[in-house]
Amino acid sequence: MVTETMKPWKKIAIGAGVLVLLALIVGITVHQSGKNVATVQTGKAQREDLSSVVSASGEIRPKTYVNIGANAYGKITHLYVKEGDHVKKGQLLAQLENVQSTADVSANQASVQAAETDAIAADAALSTSNADLRRAQADYARNQMDWERAQSLFKDGLIAKSDFDSRENAWATADSGLVQARARVAQARAQKDSADRHVAQARANLTRVADVLQKTTYAAPYDGVITSLPVREGESVVIGIQNALGSTLLTLADMSVITAEVKVDETDIVNVHLGQSAEVMIDAIPKKIFHGTVSEIGDNAIVRSTGVATSQQTTASDEAKDFKVVVTVNDPPRDLRPGLSTTAKITTAARNNVLSIPIQALSVRSKAQLEQEKSTPGSVHAAAPAPRETASKDRDKDKNQKEDVQGIFVIRNKKAEFVPVTTGITGTSDIEVLDGLKEGDEVITGSYKILRTLRSGSSVKVDNSVPKKEDET
């Protein structure tokens, strides 16, 4: 039997088919193996100096300022300053019309002088009455001795009855004169007391009208700068009554001590303490950083949407709240103005040479997810949610399974391994790791989509090139 020799073109066709089949098998194998490989970005666990910073915005304010309001009703006749002027303590700032108050002062000064004159006259009358009393007392004593002597002489028959009666009448007259003198002294003393009280009353009235006159003149209580002057000469101002505010003439600020008054979020206020250092940035002075110290921390929360303190509200609010924090600026420039927008970065904690990782590397998994990942490793899809409670006796177990575990994914043997970690202070872009890692470990930092779905044990491929925008979401 003769075997027919295979033609060359058939051999070539069969060889080409085998090669195509092999290539197809290899491609499918590579494709299938690549399905479970996640492309990730990584970073290193490294040691560095780390600072925890709380950032808050607000405005520049002087530590000491006063709104000088109207103390009397009247028209402004003179304004001796303008906005931005530097003034000294006691310097005259403004003058209201004072015709009536000046006249009242003059009238009461005259009343005081008249009352003082009456007091002088009453004092002289009292002195005269006292002199008359002393004379009456002397007459009474002399006539009493004459009458007593006459009694002895009349008993011995040495004087006549008429002479005895005359001396008795003289003594009685002296006694009446003494009583009258004492009455005149009491009257003069009462008149003197009345005159003194009239003087005190007149002086009190003078003090009152002088105070009214003084309230038409406004002087600087301390050295400072006029930061606001909302009135003009010729305008009338009024004083405040009950809940109605009076007119504000001007605002005087002591610019020697400048503060940044900022609002700190309620979640950060617990980390802010007196004496902490801060960096102050002022929008009007870009690219320059000023240093300061936390000098005041508010106790009342302020509702962010309304700016009203919670202590002034009658009902509770679920809205976001802030707390006022005052930072005293150590080196303020001389040209600062109140109200400038500012941002303060308060350093709440600082540690040197700590082990840290990028913040975005942190992930959270439930205990149930971690146990499920151990049983079915290698997938890059998120674990299914834990089953709902089916009986009351399983509630505690389910609750424990749902507890979150904070950790990071570390690359070991080209696989992602979830490692629980304990964290410390948080910096601008890095966070301190207290345990669970060692220096030099390569941790997965992204993308966020991969971190959200990545499972422990999944195969990974590192690509630290700039990620596409769709990969970042």
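The values are calculated or read from the model by the stated rules, or taken from the named source; none is laboratory data. Note that the structure is a prediction, hence the values are computed from the model and not measured. Note that each Cβ is placed from the backbone with ideal geometry, even for glycine, and that neighbours are counted across all protein chains shown. Side chains are part of the model used for accessible areas, which takes the heavy atoms of the whole protein and leaves out ligands, DNA and RNA. Shrake-Rupley method; radii C 1.70, N 1.55, O 1.52, S 1.80 Å.
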Options N71, N67: the member that is open to solvent by 90 Å² or more (accessible area, probe 1.4 Å), under 35 Å from the mean Cα position of the chain (by Cα) and at pLDDT 70 or above: N67
Unique residue being at pLDDT 80 or above, assigned to a strand (DSSP E or B) and within 21 Å of V419 (Cβ to Cβ) when the list is R351, R365: R365
Breaking point among (1) within 17 Å of G43 (Cα to Cα); (2) touching a residue at least 40 places away in the same chain (Cβ under 8 Å); (3) of a type outside the set (K, R), for G436: (2)
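Determine whether L213 is touching a Leu at 6+ places or on another chain (Cβ under 8 Å) and within 27 Å of Q95 (Cβ to Cβ).
Against the criterion (touching a Leu at 6+ places or on another chain (Cβ under 8 Å) and within 27 Å of Q95 (Cβ to Cβ)), L213 does not qualify.
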Residue match in segment 281-298 (condition: of a type in the set (F, W, Y) and under 30 Å from S106 (Cα atoms)): no
Total residues in segment 304-362, condition more than 18 Å from V294 (Cα to Cα), touching a strand residue (DSSP E or B) at 6+ places or on another chain (Cβ under 7 Å) and acidic (D, E): 1
Checklist (1) outside any strand (DSSP E or B); (2) touching a Phe, Trp or Tyr at 6+ places or on another chain (Cβ under 7 Å) applied to A94, failing item: (1)
Condition broken by G84, with the remaining ones in (1) open to solvent by 60 Å² or more (accessible area, probe 1.4 Å); (2) at pLDDT below 90; (3) not in a helix (DSSP H, G or I) satisfied: (1)
Answer from T173, T128 - the residue that is open to solvent by less than 90 Å² (accessible area, probe 1.4 Å) and of a type in the set (S, T, N, Q): T128
Unmet criterion (only one of (1) more than 16 Å from T347 (Cβ to Cβ); (2) open to solvent by less than 40 Å² (accessible area, probe 1.4 Å); (3) not hydroxyl-bearing (S, T, Y)) for Q276: (1)
Lone qualifier among T207, T227, T173 - being among the hydroxyl-bearing types (S, T, Y), assigned to a helix (DSSP H, G or I) and closer than 30 Å to Q91 by Cα: T207
Subset of segment 205-252 (residues that are open to solvent by 70 Å² or more (accessible area, probe 1.4 Å), touching a residue at least 12 places away in the same chain (Cβ under 8 Å) and β-branched (V, I, T)): I239
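Any idea which of K287, K324 is modelled with pLDDT under 90 and among the basic types (K, R)? I'd like the intermediate steps shown before the answer.
Working: K324 fails: modelled with pLDDT under 90.
The unique qualifying residue is K287.
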